[in-house]
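Undergrad: Let me give you the structure first, and then I'll get to my questions.
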């Protein structure tokens, strides 16, 4: 059986990572989303074990010390990380696993020397569009949006470290471009 690919998709908050990944999952049954772990509170529509594993800060720090995470970062005072068990299981099954992770996590994944790793940076068409998308989500207050935009400027400086950069101007085109990258 062939070993599955690990596909890292990064980009600033609001660039459409979740939407693009959702479409990729519908497009190919061999894709699986890696469920990240976080210490942040769930949004109203999120379920534990589906969108994220929601854990306490203490539990997350235990996982760090035990070496159970491929990568982790602290973003807006919350931890986010990828359990190694998610990747190991998918690769053993020959499943291509999608990771929605921050730039620091992508760097850690690159450093880990993973087989079949593909890194993709998703960007909005421009900064104004990014701001508009964050505001339209309606899930954060103005201060959080401002912080996300400041963070986005920093993250965009890292895009050239990725194997591919995809502009999410049109959802269908972005999904098609990423699908073709993964399949080649």
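Undergrad: Restricting to the chain, what percent of DSSP beta bridges are antiparallel, rounded to 5?
TA: 30 percent
Undergrad: Something else: Hey, fewest Cβ within 10 Å first, where do 5, 131 land in order?
TA: 131, 5
Undergrad: Taking springs between alpha-carbon atoms closer than 10 angstrom, which of 123, 145, 97 fluctuates most in the Gaussian network model of the chain?
TA: Looking only at 123, 145, 97, the biggest GNM fluctuation is shown by 145.
Undergrad: In what sequence do 162, 75 fall when counting other Cβ within 10 Å, fewest first?
TA: 75, 162
Undergrad: May I have the pair-distance distribution P(r) for the stretch 80-167, computed from all Cα-Cα distances with 10 Å bins from 0 and rounded to whole percent?
TA: Percent of Cα pairs in each bin: 14, 41, 30, 15, 0.
Undergrad: Contact order normalised by length for the chain, with contacts defined as Cα pairs under 8 Å and 6 or more residues apart; what percent is it?
TA: Dividing the mean separation by the residue count of the chain yields 34 percent.
Undergrad: Also: Counting each DSSP H run of 4 or more residues in the chain as -39500 (n - 2.57), what helix-only mean residue ellipticity at 222 nm follows after dividing by all residues, to the nearest 500 deg cm²/dmol?
TA: Helix contribution divided over all residues of the chain: -13000 deg cm²/dmol.
Undergrad: Out of every Cα pair in the stretch 6-183, what percent are spaced more than 20 Å from each other?
TA: I get 53 percent for the Cα pairs in the stretch 6-183 exceeding 20 Å.
Taken together, the values in this text are just the output of simple stated rules run on the coordinates, not laboratory data. It should be emphasised that the depicted structure is a prediction, and the values quoted were computed from it without experimental measurement. Quick reminder, even Gly has a Cβ in these numbers, built from the backbone with ideal geometry, and neighbours come from all protein chains shown.
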